[in-house]
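Undergrad: Here's a structure for you.
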Amino acid sequence: MGSVIIGTGVAVPPRIVTNDDLAAIMDTSDEWIRSRTGVRQRHIADPGVGASDLAADAVVEALRDAAVAPEDVDVLITATMTPDQFAPGISGMVQDRCGLGHIASFDLRQQCGGYLYGLDLADALLRSGKARCVVVVGAEVHSGYMPYGASWEILRGQRSGPADPVDHAAATEARGWAVLFGDGAGAAVLATDDGPGTGFVGSVLRTDGSHADLIEVPGVGFRHQPYVDAAQLEARAHWPSMNGMELFRQAVTCMPAAVREVLAGADLTVDDLSLVIAHQANDRILDGVRKQLGVDADLVPSNIARYGNTTAATLPILLHEQRAAGRIEPGDLVCFTAFGAGAHWGASLYRVPGAR
Ligand code: ACO
């Protein structure tokens, strides 16, 4: 018995912030952002909209796509690094909003690797017979991190510039990471399947905690007493801190290695792949993955230009788009791969049910 994807859904907030919009509130340019990352715009949630809201919308769409009633879901897995509040996590909020039963639900904290881990866990639950239908959703609202102050009013079209000099300086201080991220959610419904050799046919999940500091939010955690105070805020300890170059090196090394490892474990090669759904962190990282695997751009599609990095949501958003575009056909071999903060990474192989 295997597990197959029977429906997908996406929810992104309607508001779009372009690179030129960002250039109005910090020292940056469309040219810098596009040439270094491939990002042209990102979707931005309004205040009061949390990851649970986007996740719930994506789950509702995925259930509709799968023609599955909410009461037929057995387990809900939510992957996010930007929960609505410090505790509890968002899975209960999504369960409630979607009208799911009093089922098992939990949050995963594997950042950009979260969705990959969620798919693997769903597959294990389905194979073991513990569940017959599992929903996996990745959702992020990164906007809360962005230190834009009153400049949000400019981004939201409530007033024109110029930005206040203090806000401009803070946004410029954060530009190395702030321009990369966007908000959004994507979900998939997985169910058991009796087809021979179809569904998830292999996975490799890895962790190297010695790289946890490559991208992290160093402060506002419970090792510090009190867990949040003015000194930490003053020191920007609640901001993400990122070693971009080393992260880049790790991502372009670990993702292709995991793809090759999972292929070898299934007695397959890169030539057998129909599609690689890779984490969307940066177009240059995707170029590196293609180069390491020796494949054409078409095999490793990118949508980062439109969304930026939506962390746990990049895989399901891209999966949904590729399904909608008819890129996923019966018999195809699809590889999912991601690298995220922690560091957590890996790859999984999915054989689409049905004969070619
Ligand atoms: N606009 C203009 N200038 C900028 C910006 C910006 N948005 N950001 C940084 N700069 C400046 C820096 O201040 C620096 O200026 P200086 O030389 O005068 O000091 C210069 O550009 C170079 O900065 P670097 O940080 O060295 O830029 P780099 O060429 O390394 O590119 C980047 C940065 C794009 C983030 C790159 O390191 C990268 O792609 N890293 C991968 C990280 C990533 O994708 N993270 C996503 C989240 S993690 C994940 O998903 C796993």
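The values are calculated or read from the model by the stated rules, or taken from the named source; none is laboratory data. From a predicted model like this one, the values you see are computed outputs, not experimental measurements. Glycine also receives a Cβ, built like all others from the backbone with ideal geometry; neighbour counts cover every protein chain displayed. The accessibility values were calculated without ligands, DNA or RNA, using every heavy atom of the protein model including side chains. Shrake-Rupley method; radii C 1.70, N 1.55, O 1.52, S 1.80 Å.
Undergrad: Can you tell me which condition residue 63 does not meet? The list is (1) more than 16 Å from the ligand (Cβ to nearest atom); (2) in contact (Cβ under 8 Å) with a residue 60 or more places away in the chain; (3) in contact with a helix residue (DSSP H, G or I) (Cβ under 8 Å, 6 or more places away or on another chain); (4) under 19 Å from residue 183 (Cβ atoms), and all the others hold.
TA: For residue 63, the failing item is (4).
Undergrad: Exactly one of (1) within 23 Å of the chain's Cα centre (by Cα); (2) more than 16 Å from the ligand (Cβ to nearest atom) is unmet by residue 258. Its number?
TA: Checking residue 258 against (1) within 23 Å of the chain's Cα centre (by Cα); (2) more than 16 Å from the ligand (Cβ to nearest atom), the one that fails is (2).
Undergrad: If I filter region 301-320 for residues that are touching a helix residue (DSSP H, G or I) at 6+ places or on another chain (Cβ under 7 Å), within 27 Å of residue 194 (Cβ to Cβ) and at pLDDT 95 or above, do I get at least one hit?
TA: yes
Undergrad: If residue 232 satisfies all but one of (1) assigned to a helix (DSSP H, G or I); (2) within 16 Å of the ligand (Cβ to nearest atom); (3) of a type outside the set (A, V, I, L, M, F, W, C), what's the number of the condition it fails?
TA: Only one criterion in (1) assigned to a helix (DSSP H, G or I); (2) within 16 Å of the ligand (Cβ to nearest atom); (3) of a type outside the set (A, V, I, L, M, F, W, C) is unmet by residue 232, namely (2).
Undergrad: Additional query: Can you name the residue in region 154-171 that is in a helix (DSSP H, G or I) and either touching a Phe, Trp or Tyr at 6+ places or on another chain (Cβ under 9 Å) or open to solvent by less than 80 Å² (accessible area, probe 1.4 Å) (or both) and, of all such residues, is nearest to residue 15 (Cα to Cα)? Give the derivation first.
TA: As a first pass, look at region 154-171 and keep what is in a helix (DSSP H, G or I): 154-155, 165-171.
Of the ones still in play, those that are also either touching a Phe, Trp or Tyr at 6+ places or on another chain (Cβ under 9 Å) or open to solvent by less than 80 Å² (accessible area, probe 1.4 Å) (or both) are 154-155, 167-171.
Values: 154: 13, 155: 9, 167: 21, 168: 21, 169: 24, 170: 22, 171: 19 Å.
Filtering region 154-171 for residues that are in a helix (DSSP H, G or I) and either touching a Phe, Trp or Tyr at 6+ places or on another chain (Cβ under 9 Å) or open to solvent by less than 80 Å² (accessible area, probe 1.4 Å) (or both), the one nearest to residue 15 (Cα to Cα) comes out as 155.
Undergrad: If you don't mind, there's one more thing I want to ask. Looking at 154, 103 in this structure, which one is more than 16 Å from the ligand (Cβ to nearest atom), without any contact (Cβ under 8 Å) to a residue 40 or more places away in the chain and of a type in the set (Val, Ile, Thr)? Before the answer, list the steps.
TA: Numbers: 154 fails: without any contact (Cβ under 8 Å) to a residue 40 or more places away in the chain.
Checking each option against the conditions leaves just 103.
Undergrad: Find the residue count for region 135-153, including only residues that are touching a helix residue (DSSP H, G or I) at 6+ places or on another chain (Cβ under 8 Å) and either part of a helix (DSSP H, G or I) or open to solvent by less than 10 Å² (accessible area, probe 1.4 Å) (or both).
TA: Filtering region 135-153 down to residues touching a helix residue (DSSP H, G or I) at 6+ places or on another chain (Cβ under 8 Å) leaves 135-142, 145-151.
Cutting the leftovers down to either part of a helix (DSSP H, G or I) or open to solvent by less than 10 Å² (accessible area, probe 1.4 Å) (or both) gives us 135-140, 142, 145, 148-151.
So the count comes out to 12.
Undergrad: Considering only region 214-224, I want to know if a residue exists there that is closer than 30 Å to residue 11 by Cα and part of a helix (DSSP H, G or I).
TA: For region 214-224, residues closer than 30 Å to residue 11 by Cα and part of a helix (DSSP H, G or I): present.
Undergrad: A further question follows. For region 15-28, does any single residue satisfy the condition of being more than 16 Å from the ligand (Cβ to nearest atom) and either out of contact with any Lys or Arg (no Cβ under 7 Å at 6 or more places or on another chain) or in the same structural domain as residue 128 (by TED's automatic domain parsing) (or both)? Talk me through it step by step, then tell me what you get.
TA: Looking only at region 15-28, we keep the residues that are more than 16 Å from the ligand (Cβ to nearest atom), and these are 15-16.
Now narrow it down to the ones that are either out of contact with any Lys or Arg (no Cβ under 7 Å at 6 or more places or on another chain) or in the same structural domain as residue 128 (by TED's automatic domain parsing) (or both): 15-16.
Yes: one or more hits.
Undergrad: If I ask for residues that are buried (at least 23 other Cβ atoms within 10 Å of the Cβ) and either touching a Phe, Trp or Tyr at 6+ places or on another chain (Cβ under 7 Å) or polar (S, T, N, Q) (or both), which ones from region 172-198 would you list?
TA: 182, 184
Undergrad: Please state which one of 293, 247, 286, 263 is within 14 Å of the ligand (Cβ to nearest atom) and either within 24 Å of residue 351 (Cβ to Cβ) or open to solvent by less than 20 Å² (accessible area, probe 1.4 Å) (or both). Walk me through how you get there before you give the answer.
TA: Working: 293 fails: within 14 Å of the ligand (Cβ to nearest atom); 247 fails: either within 24 Å of residue 351 (Cβ to Cβ) or open to solvent by less than 20 Å² (accessible area, probe 1.4 Å) (or both); 263 fails: within 14 Å of the ligand (Cβ to nearest atom).
None of the others qualify; the one that does is 286.
Undergrad: I would also like to ask the following. Working carefully through the options 69, 124, 87, 56, find the one that is of a type in the set (A, V, I, L, M) and in contact (Cβ under 8 Å) with a residue 12 or more places away in the chain. Full working, then the answer.
TA: Working: 69 fails: in contact (Cβ under 8 Å) with a residue 12 or more places away in the chain; 124 fails: in contact (Cβ under 8 Å) with a residue 12 or more places away in the chain; 87 fails: in contact (Cβ under 8 Å) with a residue 12 or more places away in the chain.
Just one listed residue meets the conditions, 56.
Undergrad: Could you count how many residues in region 179-206 are within 14 Å of residue 119 (Cα to Cα), more than 16 Å from the ligand (Cβ to nearest atom) and not hydroxyl-bearing (Ser, Thr, Tyr)?
TA: Here is the first cut: in region 179-206, the ones within 14 Å of residue 119 (Cα to Cα) are 186-192, 199-205.
Okay, now just the ones that are also more than 16 Å from the ligand (Cβ to nearest atom), so 187-192, 199-204.
Applying the additional criterion that residues be not hydroxyl-bearing (Ser, Thr, Tyr) yields 187-191, 199-202, 204.
The number of residues fulfilling the criteria is 10.
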